[in-house]
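The values are calculated or read from the model by the stated rules, or taken from the named source; none is laboratory data. Predicted model, so just to flag it, every value in this text is computed and none were measured. We place every Cβ from the backbone using ideal geometry, glycine too, and count neighbours over all the protein chains shown.
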Amino acid sequence: MPAFSLEPEQQAWCAELRTLAAERLRPVAEKGEPGRVDRALLAELGRSGLLERLFASGALDLCLMRESLAHGCTEAETALALQGLGAHPVHAHGTPAQRARWLPAVADGSAVAAFALSERAAGSDAAALTLRADPDPGAAGGAGRGWRLTGEKCWISNAPEADFYTVFARTTPGAGARGITAFLVPADRPGLTGSALEMLSPHPIGALAFDGVPVTADDVLGETDRGFRVAMGTLNLFRPSVGAFAVGMAQAALEATLGHTARRDAFGGKLSDLPTVAHQVAEMALRTEAARLMVYAAATAYDAGAPGVPRRAAMAKLLATETAQYVVDTAVQLHGARALRRGHLLEHLYREVRAPRIYEGASEVQRGIIAKELYAETPPPTGEAP
(Lines give C-alpha, C1' and ligand atoms only; values in the text may rest on other atoms or scores of the structure.)
Protein backbone atom coordinates (compact mmCIF):
# COMPACT_ATOMS: atom_id res chain seq x y z
CA MET A 1 0.00 0.00 0.00
CA PRO A 2 1.31 3.49 -0.81
CA ALA A 3 1.75 4.56 2.79
CA PHE A 4 5.10 6.22 2.28
CA SER A 5 5.35 6.74 -1.48
CA LEU A 6 2.95 7.41 -4.31
CA GLU A 7 2.51 5.38 -7.45
CA PRO A 8 3.53 7.11 -10.72
CA GLU A 9 -0.15 7.45 -11.67
CA GLN A 10 -0.89 9.21 -8.40
CA GLN A 11 2.08 11.54 -8.82
CA ALA A 12 0.91 12.42 -12.33
CA TRP A 13 -2.62 13.09 -11.07
CA CYS A 14 -1.29 15.42 -8.37
CA ALA A 15 0.67 17.33 -11.01
CA GLU A 16 -2.51 17.67 -13.09
CA LEU A 17 -4.38 18.96 -10.05
CA ARG A 18 -1.71 21.56 -9.30
CA THR A 19 -1.92 22.77 -12.91
CA LEU A 20 -5.72 22.83 -12.73
CA ALA A 21 -5.58 24.86 -9.53
CA ALA A 22 -3.13 27.41 -10.91
CA GLU A 23 -4.52 27.80 -14.42
CA ARG A 24 -8.31 27.25 -14.15
CA LEU A 25 -9.37 27.59 -10.54
CA ARG A 26 -7.25 30.45 -9.24
CA PRO A 27 -8.50 32.96 -11.89
CA VAL A 28 -12.08 32.13 -10.91
CA ALA A 29 -11.31 32.35 -7.19
CA GLU A 30 -9.65 35.75 -7.58
CA LYS A 31 -12.98 37.16 -8.77
CA GLY A 32 -14.82 35.89 -5.69
CA GLU A 33 -15.76 37.92 -2.64
CA PRO A 34 -13.93 36.98 0.59
CA GLY A 35 -16.25 35.60 3.23
CA ARG A 36 -18.92 34.57 0.72
CA VAL A 37 -19.74 31.25 -0.94
CA ASP A 38 -18.18 31.33 -4.41
CA ARG A 39 -20.77 29.54 -6.55
CA ALA A 40 -18.82 30.20 -9.75
CA LEU A 41 -15.83 28.41 -8.24
CA LEU A 42 -18.04 25.52 -7.12
CA ALA A 43 -19.43 25.23 -10.63
CA GLU A 44 -15.89 25.07 -12.01
CA LEU A 45 -15.00 22.37 -9.49
CA GLY A 46 -18.12 20.52 -10.60
CA ARG A 47 -17.12 20.75 -14.28
CA SER A 48 -13.66 19.42 -13.40
CA GLY A 49 -15.19 16.28 -11.89
CA LEU A 50 -13.52 16.78 -8.51
CA LEU A 51 -16.73 17.28 -6.53
CA GLU A 52 -18.16 14.05 -7.92
CA ARG A 53 -14.92 12.31 -7.01
CA LEU A 54 -15.51 13.22 -3.36
CA PHE A 55 -18.05 10.39 -3.21
CA ALA A 56 -16.02 7.83 -5.14
CA SER A 57 -12.63 8.25 -3.46
CA GLY A 58 -10.95 6.96 -0.38
CA ALA A 59 -9.13 8.97 2.25
CA LEU A 60 -5.83 8.98 0.37
CA ASP A 61 -7.38 10.36 -2.82
CA LEU A 62 -9.13 13.03 -0.73
CA CYS A 63 -5.79 13.98 0.80
CA LEU A 64 -4.09 14.13 -2.59
CA MET A 65 -6.84 16.39 -3.93
CA ARG A 66 -6.70 18.73 -0.95
CA GLU A 67 -2.89 18.93 -0.86
CA SER A 68 -2.58 19.53 -4.61
CA LEU A 69 -5.32 22.16 -4.78
CA ALA A 70 -4.00 23.95 -1.67
CA HIS A 71 -0.62 24.30 -3.36
CA GLY A 72 -2.12 26.45 -6.11
CA CYS A 73 -5.47 27.78 -4.90
CA THR A 74 -6.49 27.56 -1.25
CA GLU A 75 -9.95 28.90 -2.04
CA ALA A 76 -10.64 25.99 -4.39
CA GLU A 77 -9.30 23.52 -1.84
CA THR A 78 -11.55 24.87 0.89
CA ALA A 79 -14.63 25.01 -1.35
CA LEU A 80 -14.09 21.36 -2.29
CA ALA A 81 -13.46 20.28 1.30
CA LEU A 82 -16.53 22.01 2.68
CA GLN A 83 -18.73 20.33 0.09
CA GLY A 84 -17.30 17.00 1.17
CA LEU A 85 -17.60 17.67 4.87
CA GLY A 86 -21.21 18.80 4.67
CA ALA A 87 -22.34 16.08 2.27
CA HIS A 88 -20.35 13.07 3.48
CA PRO A 89 -22.92 12.18 6.19
CA VAL A 90 -25.58 12.12 3.46
CA HIS A 91 -23.38 9.93 1.27
CA ALA A 92 -22.50 7.56 4.12
CA HIS A 93 -25.74 7.50 6.13
CA GLY A 94 -28.49 9.02 4.00
CA THR A 95 -31.56 7.27 2.68
CA PRO A 96 -31.89 6.65 -1.07
CA ALA A 97 -34.25 9.63 -1.28
CA GLN A 98 -31.85 11.94 0.59
CA ARG A 99 -28.92 10.87 -1.55
CA ALA A 100 -30.85 11.26 -4.81
CA ARG A 101 -32.11 14.72 -3.81
CA TRP A 102 -28.81 16.26 -2.77
CA LEU A 103 -25.67 14.42 -3.87
CA PRO A 104 -25.95 15.05 -7.65
CA ALA A 105 -26.42 18.77 -6.95
CA VAL A 106 -23.40 18.80 -4.61
CA ALA A 107 -21.35 16.99 -7.26
CA ASP A 108 -22.11 19.51 -10.02
CA GLY A 109 -21.64 22.49 -7.68
CA SER A 110 -25.23 23.71 -7.81
CA ALA A 111 -26.02 22.91 -4.15
CA VAL A 112 -23.90 24.11 -1.24
CA ALA A 113 -23.48 21.78 1.75
CA ALA A 114 -22.52 22.57 5.35
CA PHE A 115 -21.59 20.58 8.46
CA ALA A 116 -23.33 22.10 11.50
CA LEU A 117 -21.82 20.61 14.65
CA SER A 118 -20.14 23.41 16.63
CA GLU A 119 -21.87 25.73 19.09
CA ARG A 120 -20.60 28.68 21.10
CA ALA A 121 -20.19 26.49 24.21
CA ALA A 122 -19.63 23.20 22.39
CA GLY A 123 -16.77 23.59 19.96
CA SER A 124 -13.94 21.35 21.07
CA ASP A 125 -16.33 19.41 23.36
CA ALA A 126 -18.76 18.36 20.66
CA ALA A 127 -20.64 15.96 22.94
CA ALA A 128 -21.75 18.96 25.04
CA LEU A 129 -23.95 20.46 22.32
CA THR A 130 -27.27 21.91 23.44
CA LEU A 131 -29.31 22.39 20.23
CA ARG A 132 -32.57 20.70 21.26
CA ALA A 133 -34.67 18.36 19.19
CA ASP A 134 -37.96 18.43 21.10
CA PRO A 135 -40.59 15.82 20.18
CA ASP A 136 -43.31 17.18 17.88
CA PRO A 137 -46.43 15.02 18.26
CA GLY A 138 -48.10 16.82 15.37
CA ALA A 139 -45.46 15.89 12.78
CA ALA A 140 -46.99 14.34 9.68
CA GLY A 141 -43.93 12.87 7.99
CA GLY A 142 -41.58 10.08 8.92
CA ALA A 143 -44.14 7.58 10.22
CA GLY A 144 -45.49 10.21 12.58
CA ARG A 145 -42.15 10.90 14.31
CA GLY A 146 -41.01 14.47 14.35
CA TRP A 147 -39.05 17.05 16.30
CA ARG A 148 -38.64 20.81 16.56
CA LEU A 149 -35.05 22.10 16.58
CA THR A 150 -34.43 24.97 18.98
CA GLY A 151 -31.10 26.63 19.71
CA GLU A 152 -28.04 27.91 17.88
CA LYS A 153 -25.00 26.75 15.95
CA CYS A 154 -21.84 28.81 15.53
CA TRP A 155 -18.59 28.77 13.51
CA ILE A 156 -20.34 26.90 10.69
CA SER A 157 -18.48 27.01 7.38
CA ASN A 158 -20.66 27.97 4.39
CA ALA A 159 -23.35 29.36 6.73
CA PRO A 160 -25.64 31.12 6.24
CA GLU A 161 -25.46 30.62 2.46
CA ALA A 162 -25.59 26.81 2.27
CA ASP A 163 -28.54 25.08 0.63
CA PHE A 164 -28.66 22.33 3.24
CA TYR A 165 -27.05 21.52 6.57
CA THR A 166 -26.04 18.33 8.32
CA VAL A 167 -27.24 19.35 11.78
CA PHE A 168 -26.44 17.58 15.04
CA ALA A 169 -29.04 18.03 17.78
CA ARG A 170 -29.80 16.54 21.18
CA THR A 171 -32.75 14.15 21.06
CA THR A 172 -32.20 12.62 24.51
CA PRO A 173 -31.36 15.11 27.29
CA GLY A 174 -28.65 14.12 29.74
CA ALA A 175 -27.30 11.29 27.59
CA GLY A 176 -24.07 12.96 26.48
CA ALA A 177 -22.73 11.65 23.19
CA ARG A 178 -25.36 8.89 23.16
CA GLY A 179 -28.30 11.28 22.87
CA ILE A 180 -27.40 13.13 19.65
CA THR A 181 -29.10 12.71 16.27
CA ALA A 182 -27.93 13.90 12.85
CA PHE A 183 -30.53 15.59 10.65
CA LEU A 184 -30.47 16.74 7.04
CA VAL A 185 -32.03 20.21 7.17
CA PRO A 186 -32.70 22.16 3.97
CA ALA A 187 -31.97 25.87 4.34
CA ASP A 188 -35.53 26.87 3.49
CA ARG A 189 -37.09 25.17 6.52
CA PRO A 190 -39.29 27.60 8.48
CA GLY A 191 -37.62 28.94 11.62
CA LEU A 192 -34.06 28.58 10.31
CA THR A 193 -32.10 31.83 10.01
CA GLY A 194 -28.43 32.71 9.93
CA SER A 195 -25.85 35.47 9.93
CA ALA A 196 -22.32 35.79 8.59
CA LEU A 197 -19.31 36.14 10.90
CA GLU A 198 -16.27 38.19 9.94
CA MET A 199 -13.29 35.91 10.50
CA LEU A 200 -9.57 35.89 9.78
CA SER A 201 -9.95 33.17 7.17
CA PRO A 202 -11.39 34.29 3.82
CA HIS A 203 -13.93 31.47 3.45
CA PRO A 204 -17.56 31.89 4.61
CA ILE A 205 -18.36 31.16 8.25
CA GLY A 206 -21.58 31.97 10.05
CA ALA A 207 -24.02 31.32 12.86
CA LEU A 208 -27.40 29.61 12.62
CA ALA A 209 -30.52 30.13 14.74
CA PHE A 210 -33.18 27.42 15.02
CA ASP A 211 -36.59 28.62 16.19
CA GLY A 212 -38.70 25.47 16.29
CA VAL A 213 -37.41 24.20 12.93
CA PRO A 214 -39.49 21.15 11.97
CA VAL A 215 -37.77 17.84 11.13
CA THR A 216 -39.13 14.31 10.85
CA ALA A 217 -37.77 10.79 10.76
CA ASP A 218 -37.37 11.27 7.00
CA ASP A 219 -34.66 13.86 7.78
CA VAL A 220 -32.62 11.64 10.11
CA LEU A 221 -29.14 10.64 8.92
CA GLY A 222 -28.33 7.22 10.31
CA GLU A 223 -30.16 6.30 13.51
CA THR A 224 -31.84 8.35 16.20
CA ASP A 225 -29.47 9.02 19.14
CA ARG A 226 -26.53 7.70 17.10
CA GLY A 227 -25.58 10.98 15.48
CA PHE A 228 -22.32 11.35 17.38
CA ARG A 229 -21.03 8.32 15.48
CA VAL A 230 -21.97 10.06 12.24
CA ALA A 231 -20.02 13.15 13.31
CA MET A 232 -16.93 11.28 14.50
CA GLY A 233 -16.89 9.00 11.46
CA THR A 234 -16.93 12.06 9.23
CA LEU A 235 -14.15 13.73 11.20
CA ASN A 236 -11.99 10.58 11.19
CA LEU A 237 -12.11 10.74 7.39
CA PHE A 238 -11.58 14.48 7.07
CA ARG A 239 -8.97 15.08 9.79
CA PRO A 240 -6.07 13.59 7.79
CA SER A 241 -7.22 15.64 4.81
CA VAL A 242 -7.08 18.83 6.90
CA GLY A 243 -3.47 17.81 7.39
CA ALA A 244 -3.14 17.46 3.63
CA PHE A 245 -4.47 21.00 3.19
CA ALA A 246 -1.81 22.16 5.64
CA VAL A 247 0.92 20.24 3.81
CA GLY A 248 -0.11 21.87 0.53
CA MET A 249 0.23 25.32 2.08
CA ALA A 250 3.56 24.42 3.68
CA GLN A 251 4.90 23.16 0.34
CA ALA A 252 3.87 26.38 -1.39
CA ALA A 253 5.58 28.44 1.31
CA LEU A 254 8.71 26.28 1.11
CA GLU A 255 8.96 26.65 -2.66
CA ALA A 256 8.48 30.40 -2.44
CA THR A 257 11.24 30.57 0.17
CA LEU A 258 13.65 28.48 -1.88
CA GLY A 259 13.19 30.82 -4.83
CA HIS A 260 13.44 33.99 -2.77
CA THR A 261 16.54 33.03 -0.77
CA ALA A 262 18.33 31.82 -3.90
CA ARG A 263 17.72 35.18 -5.65
CA ARG A 264 17.93 37.69 -2.84
CA ASP A 265 21.22 39.60 -2.56
CA ALA A 266 22.38 40.12 1.02
CA PHE A 267 25.68 40.58 2.84
CA GLY A 268 27.83 40.20 -0.27
CA GLY A 269 26.10 37.07 -1.59
CA LYS A 270 22.74 35.37 -1.69
CA LEU A 271 20.54 34.78 1.33
CA SER A 272 20.91 31.06 0.72
CA ASP A 273 24.67 31.36 1.26
CA LEU A 274 24.08 32.16 4.94
CA PRO A 275 24.19 28.94 6.98
CA THR A 276 21.50 30.19 9.34
CA VAL A 277 19.13 30.73 6.41
CA ALA A 278 20.01 27.48 4.64
CA HIS A 279 19.49 25.51 7.84
CA GLN A 280 16.09 27.10 8.41
CA VAL A 281 15.04 26.14 4.88
CA ALA A 282 16.27 22.60 5.49
CA GLU A 283 14.20 22.42 8.67
CA MET A 284 11.13 23.66 6.76
CA ALA A 285 11.61 20.92 4.16
CA LEU A 286 12.22 18.25 6.81
CA ARG A 287 9.06 19.06 8.75
CA THR A 288 6.92 19.37 5.63
CA GLU A 289 7.97 15.95 4.35
CA ALA A 290 7.47 14.34 7.76
CA ALA A 291 3.96 15.78 7.96
CA ARG A 292 3.18 14.62 4.42
CA LEU A 293 4.23 11.06 5.21
CA MET A 294 2.11 10.95 8.36
CA VAL A 295 -0.91 12.24 6.44
CA TYR A 296 -0.46 9.59 3.74
CA ALA A 297 0.00 6.87 6.35
CA ALA A 298 -3.16 7.90 8.23
CA ALA A 299 -5.20 8.04 5.02
CA THR A 300 -3.92 4.65 3.90
CA ALA A 301 -4.81 3.16 7.28
CA TYR A 302 -8.33 4.56 6.97
CA ASP A 303 -8.76 3.11 3.49
CA ALA A 304 -7.46 -0.28 4.64
CA GLY A 305 -9.71 -0.39 7.70
CA ALA A 306 -6.64 -0.75 9.88
CA PRO A 307 -6.85 -0.43 13.66
CA GLY A 308 -6.09 2.86 15.37
CA VAL A 309 -7.70 5.14 12.78
CA PRO A 310 -8.85 7.83 15.30
CA ARG A 311 -5.32 8.03 16.74
CA ARG A 312 -3.66 8.12 13.33
CA ALA A 313 -6.10 10.75 12.06
CA ALA A 314 -5.50 12.93 15.10
CA MET A 315 -1.73 12.57 14.78
CA ALA A 316 -1.82 13.50 11.11
CA LYS A 317 -3.94 16.60 11.64
CA LEU A 318 -1.93 17.70 14.67
CA LEU A 319 1.51 17.32 13.13
CA ALA A 320 0.60 18.74 9.73
CA THR A 321 -1.28 21.83 10.94
CA GLU A 322 1.37 22.70 13.54
CA THR A 323 4.06 22.13 10.92
CA ALA A 324 2.35 24.37 8.38
CA GLN A 325 2.11 27.16 10.95
CA TYR A 326 5.86 26.89 11.56
CA VAL A 327 6.78 26.69 7.88
CA VAL A 328 4.62 29.62 6.77
CA ASP A 329 5.77 31.76 9.69
CA THR A 330 9.42 30.99 8.92
CA ALA A 331 8.83 31.75 5.26
CA VAL A 332 7.41 35.15 6.17
CA GLN A 333 10.43 35.83 8.38
CA LEU A 334 12.90 34.96 5.61
CA HIS A 335 11.03 37.09 3.07
CA GLY A 336 10.89 40.11 5.34
CA ALA A 337 8.42 42.98 4.97
CA ARG A 338 7.45 42.12 1.40
CA ALA A 339 5.65 39.02 2.69
CA LEU A 340 3.37 41.20 4.82
CA ARG A 341 2.11 43.21 1.90
CA ARG A 342 -1.55 42.60 1.07
CA GLY A 343 -1.80 40.28 -1.92
CA HIS A 344 1.53 38.51 -1.41
CA LEU A 345 1.29 34.70 -1.45
CA LEU A 346 2.70 34.44 2.06
CA GLU A 347 0.39 37.13 3.42
CA HIS A 348 -2.48 35.03 2.08
CA LEU A 349 -1.08 31.78 3.48
CA TYR A 350 -0.39 33.40 6.84
CA ARG A 351 -4.10 34.20 7.21
CA GLU A 352 -5.16 30.80 5.90
CA VAL A 353 -2.81 28.65 7.98
CA ARG A 354 -4.03 29.64 11.43
CA ALA A 355 -7.57 28.26 11.39
CA PRO A 356 -6.79 24.56 10.69
CA ARG A 357 -5.15 24.29 14.11
CA ILE A 358 -8.60 25.01 15.59
CA TYR A 359 -11.36 23.62 13.38
CA GLU A 360 -12.36 19.95 13.27
CA GLY A 361 -10.80 19.61 16.70
CA ALA A 362 -8.16 21.99 18.05
CA SER A 363 -4.57 20.80 18.50
CA GLU A 364 -5.21 20.31 22.20
CA VAL A 365 -8.18 18.06 21.40
CA GLN A 366 -6.04 16.01 19.01
CA ARG A 367 -3.50 15.44 21.78
CA GLY A 368 -6.33 14.31 24.04
CA ILE A 369 -7.57 11.85 21.41
CA ILE A 370 -4.07 10.48 20.90
CA ALA A 371 -3.51 9.97 24.62
CA LYS A 372 -6.94 8.37 25.11
CA GLU A 373 -6.39 5.94 22.24
CA LEU A 374 -2.89 5.06 23.42
CA TYR A 375 -4.08 4.20 26.93
CA ALA A 376 -7.03 2.25 25.51
CA GLU A 377 -4.59 0.18 23.45
CA THR A 378 -2.31 -0.48 26.44
CA PRO A 379 -3.01 -3.71 28.35
CA PRO A 380 -4.03 -3.12 31.99
CA PRO A 381 -1.26 -3.61 34.57
CA THR A 382 -1.09 -7.06 36.11
CA GLY A 383 0.87 -6.22 39.21
CA GLU A 384 3.16 -3.76 40.92
CA ALA A 385 5.65 -1.95 38.77
CA PRO A 386 9.28 -2.96 39.43
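Structure data summary
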| item | result |
| --- | --- |
| Filter result for Ala246 (assigned to a helix (DSSP H, G or I) and exposed (fewer than 14 other Cβ atoms within 10 Å of the Cβ)) | no |
| Residues of region 355-371 classified as charged (D, E, K, R) and modelled with pLDDT under 95, total | 1 |
| Residues (of a type in the set (A, V, I, L, M, F, W, C) and within 21 Å of Leu25 (Cα to Cα)) located in region 74-113 | Ala76, Ala79, Leu80, Ala81, Leu82, Leu85, Ala105, Val106, Ala107, Ala111, Val112, Ala113 |
| Some residue of region 2-20 being under 26 Å from Pro160 (Cβ atoms), outside the structural domain of Ala162 (by TED's automatic domain parsing) and in a loop (DSSP other than H, G, I, E, B) | no |
| Test: Leu6 is buried (at least 17 other Cβ atoms within 10 Å of the Cβ) and within 24 Å of Arg292 (Cα to Cα) | no |
| In region 42-57, residue nearest to Phe238 (Cα to Cα) [restricted to those that are touching a Gly at 6+ places or on another chain (Cβ under 9 Å) and outside any loop (DSSP other than H, G, I, E, B)] | Leu51 |
| Filter result for Val213 (among the β-branched types (Val, Ile, Thr), in contact (Cβ under 8 Å) with a residue 12 or more places away in the chain and assigned to a helix (DSSP H, G or I)) | no |
| Selected residue [surrounded by fewer than 19 Cβ atoms within 10 Å (Cβ to Cβ), of a type in the set (Gly, Ala, Ser) and touching a helix residue (DSSP H, G or I) at 6+ places or on another chain (Cβ under 9 Å)] from Ala126, Ala114, Ala97 | Ala97 |
| Only listed residue being modelled with pLDDT under 95 and more than 30 Å from Glu152 (Cα to Cα), chosen from Gly49, Gly58, Gly123, Gly35 | Gly58 |
| Residue that is surrounded by the fewest Cβ atoms within 10 Å (Cβ to Cβ), among those in region 171-180 that are touching a strand residue (DSSP E or B) at 6+ places or on another chain (Cβ under 6 Å) and of a type outside the set (Gly, Ala, Ser) | Thr171 |
| Matching entry among Tyr350, Tyr359 (being in contact with a strand residue (DSSP E or B) (Cβ under 8 Å, 6 or more places away or on another chain), of a type outside the set (Asp, Glu) and surrounded by fewer than 24 Cβ atoms within 10 Å (Cβ to Cβ)) | Tyr359 |
| Strands (runs of 3 or more DSSP E) enclosed by region 125-188 - at least 3 residues per element that are of a type outside the set (A, V, I, L, M) and over 12 Å from Thr216 (Cβ atoms) | 146-157, 164-170 |
| Failed condition for Met199, given (1) of a type in the set (A, V, I, L, M, F, W, C); (2) at positive phi; (3) in a loop (DSSP other than H, G, I, E, B) | (2) |
| Residue identified as on the phi < 0 side of the Ramachandran plot, in contact with a Gly (Cβ under 9 Å, 6 or more places away or on another chain) and among the polar types (S, T, N, Q) among Thr193, Thr172 | Thr172 |
| Which listed residue is touching a residue at least 12 places away in the same chain (Cβ under 8 Å), buried (at least 23 other Cβ atoms within 10 Å of the Cβ) and not in a helix (DSSP H, G or I), from Gly84, Gly109 | Gly109 |
| In region 178-211, residue nearest to Arg99 (Cα to Cα) [restricted to those that are in contact with a helix residue (DSSP H, G or I) (Cβ under 6 Å, 6 or more places away or on another chain) and not hydrophobic (A, V, I, L, M, F, W, C)] | Thr181 |
